[in-house]
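What follows is a set of notes on a single structure, which appears directly below.
The values are calculated or read from the model by the stated rules, or taken from the named source; none is laboratory data. Just so we're clear, the structure is a prediction, and the values are computed from it rather than from any experiment. Using ideal geometry, Cβ is built from the backbone for each residue, glycine included, and neighbour counts are taken over all protein chains shown.
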Amino acid sequence: MALNIEDYALISDCHTAALVGCDGSIDWLCLPRYDSASMFGALLGTEDHGRWMLAPTDANATCTRSYVDETFILSTVWTTKDGSVEVLDFMPHGDKRADLVRRVRGITGTVHMQQDLRMRFGYGSTIPWVRQLRNEDVHGLIAVAGPDAVVIRGPRLHAADHRHSSTFTVSTDEIVDIEMTWYRSERSIPPAVDIDAVLKATAEWWTGWAVCCTHQGPYHDAVVRSMLVLRALTHEDTGGIVAAATTSLPEEFGGSRNWDYRYVWLRDASLTLEVLLSHGYENEAEGWRAWLLRAIAGDPNDVQIMYGLSGERDLPERELTSLPGYRGAGPVRVGNGAVSQFQSDVIGEVMVALHAARIAGVGETEFSWPLQRSLMHFLEENWRRPDQGIWEVRGPAREFTHSRVMVWAAFDRAVRGITEFGLDGPLEKWTALRDEVRRDIELRGFSTARNSYTQSFGGTEVDASLLVLAQVGFCEPTDARMLGTVAAIEADLMRDGLLLRYRTAASVDGLSPGEHPFLACSFWLVEQYALSDRLDDATTLMNRLVGFVNDVGLLSEEYDVTNGHQAGNTPQALSHLALVRASGAIVAGTASPLRALVH
């Protein structure tokens, strides 16, 4: 059975990632990209759906684990009655190959180790043809299934019942290396790598990237790890930023809210870009903007809310029969049906992010502003259309207040592109539309009876996405209407001190009710508290949220307060970028002249 979600650590080469359990088992790995079919799929099934376990034979062995400095090299130290060993799990960065290395180093005494390798390509549907590696000085296996092949070098593995196993001993200062490389099956077997060299290069690359983080203030370790997660989820070659490393981890155990997050949402990627820019990573901004220009090039009417890592548009949603789901919580989905939805807010998120890039000094290209003008022309004609909103509801389209505020933000940033940066465009028209959108929101998206902005026009429900209004500059965090909205959100959406996205019982999303608090929403509340002179509340909530990270600093999408476990896909970009923003807001709130005056 799969472990608790928080019991997994991520290793990544910025092309794909593996999830390594605290039991030494790699239970999730898709090669060669995040959105490829899984080779190890035990996370969404059982050991027989693919896994690679490496651990002591001693059933009473204990372990502690951490990342080596500010990298994604995972160190697991195992202690048995006879000694201790360290296992380093990592995916070499920069070698343009799909490699995974597991290095076992003896620390004290002698430890008996075991491997259990079960390779299942195609989301657990295909058992490969396996043969011994010949004509090399080391033992190894070659496994082939259709277009996929891997070569594994290390201690000799023995076959039984469609699995391969081995045992070996490691003594003090002894090193045993195991290397797996994916390659296209029609090509030659790749040579072994120099593990000492790639370990050194990988450590230097990650630490070199992390040292550029400009964060100053509290929660430093959590912020830097979150920044590293965002970088790990950014595809090295294309610049696309996936929302999470996994698919179909349930938001509600036993429910149907199981989605595939291994794609690039314009919204999440735009928000990630803003966070990267605010911490000194302009190169990533240029790479993401280049991805964006390629992905949405063409008729603005064809703009999608999400794309594949290389800008692929065809992401049909289907349910797999080969994987039963995380602890049986099906269905397991590949692709995402929301790809065909209209969500007007994503244009606002894109415009806000590109404006932030402009402020940060990222230069224009011959295509960047013309592309934005094209998006704005589309919005001119379509801004009144109801949509599915930020939460991708599968019920009827509505006039969501958050969506309309992001339309306002799109026109606002377009206007500022002209007035602040001298770009060309219909200033009077965009200014008039911006003001018209604002009037519409204030008239139809605010309930005087509740003294609150509402989830949708004419309704009375509230939504945690309304916390974004102050973030994008639609109003000040201290505005009376914003404070009234916060009070309504606290009254309706707070569960055990954390925020739900909205009341699913209100049937707005077309799905059965029930889900756990959404971590990003609670981080948004921290940000709102910090910037409205509720710094003590902000710090209290932030401390609790940061306490939900697992032993290596990772967060999933939601948190099951009752049982004390993470829920949903992991690690979740939106959770981590919201953590970074919340920390920055606490820094800003601490320095607020108003707080200095009051306190």
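Residues that are under 30 Å from Tyr34 (Cα atoms) and more than 32 Å from the chain's Cα centre (by Cα), at least 2 per element: which strands (runs of 3 or more DSSP E) completely within the range 54-113 meet that?
So the answer is none; nothing clears 2.
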(request) Pull up the range 406-454, narrow it to residues that are assigned to a strand (DSSP E or B) and touching a residue at least 24 places away in the same chain (Cβ under 8 Å), then point me to the one that is surrounded by the most Cβ atoms within 10 Å (Cβ to Cβ). (result) Tyr453
(message) Please pick out the residue among Asp509, Asp492 that is modelled with pLDDT of 95 or more, over 29 Å from Asp23 (Cα atoms) and out of contact with any helix residue (DSSP H, G or I) (no Cβ under 7 Å at 6 or more places or on another chain).
(response) Asp492
(message) Gly330 - would you say it is in contact with a strand residue (DSSP E or B) (Cβ under 8 Å, 6 or more places away or on another chain), farther than 20 Å from Ala573 by Cβ, surrounded by fewer than 21 Cβ atoms within 10 Å (Cβ to Cβ) and at pLDDT below 95?
(response) yes
(request) Inspect all residues belonging to the range 542-551 and state whether any of them is in a helix (DSSP H, G or I), in the same structural domain as Val223 (by TED's automatic domain parsing), touching a helix residue (DSSP H, G or I) at 6+ places or on another chain (Cβ under 6 Å) and not β-branched (Val, Ile, Thr). (result) yes
(request) Kindly list, by first and then second residue, each pair from a residue in the range 96-108 that is within 21 Å of Ser25 (Cα to Cα) to a residue that is of a type in the set (Asp, Glu) and not in a strand (DSSP E or B), limited to pairs with Cβ atoms under 8 Å and residues at least 6 apart or on different chains. (result) Ala98/Asp13; Asp99/Asp13; Arg105/Asp173; Arg105/Glu174; Gly106/Asp173; Gly106/Glu174
(request) Give the residues of the range 353-403 that are assigned to a helix (DSSP H, G or I), closer than 21 Å to Arg289 by Cα and either touching a Cys at 6+ places or on another chain (Cβ under 9 Å) or small (Gly, Ala, Ser) (or both), sorted by residue number. (result) Ala353, Ala356, Ala357, Ser368, Ser374
(request) Being under 28 Å from Gly337 (Cβ atoms) and assigned by TED's automatic domain parsing to the domain that holds Val462 narrows it down to one of Phe378, Phe421, Phe367, so name that one. (result) Phe378
(message) Based on this model, can you work out whether Val224 counts as in contact with an Asp or Glu (Cβ under 9 Å, 6 or more places away or on another chain) and either crowded, with 19+ Cβ neighbours inside 10 Å or under 24 Å from Asp7 (Cβ atoms) (or both)?
(response) yes
(request) Can you confirm whether the range 272-286 contains a residue that is surrounded by fewer than 24 Cβ atoms within 10 Å (Cβ to Cβ) and closer than 18 Å to His93 by Cα? (result) yes
(request) Please enumerate the residues belonging to the range 300-309 that are crowded, with 16+ Cβ neighbours inside 10 Å and closer than 26 Å to Met376 by Cβ. (result) Pro300, Val303, Gln304, Ile305, Met306, Tyr307, Gly308
(message) Against the condition without any contact (Cβ under 8 Å) to a residue 60 or more places away in the chain and either over 19 Å from Arg289 (Cβ atoms) or surrounded by fewer than 24 Cβ atoms within 10 Å (Cβ to Cβ) (or both), how does His215 come out, does it pass?
(response) no
(message) Step by step: first the residues of the range 147-175, then only those that are in contact with a Ser or Thr (Cβ under 7 Å, 6 or more places away or on another chain) and assigned to a loop (DSSP other than H, G, I, E, B), then the one that is nearest to Arg118 (Cα to Cα). Which residue is that?
(response) Leu157
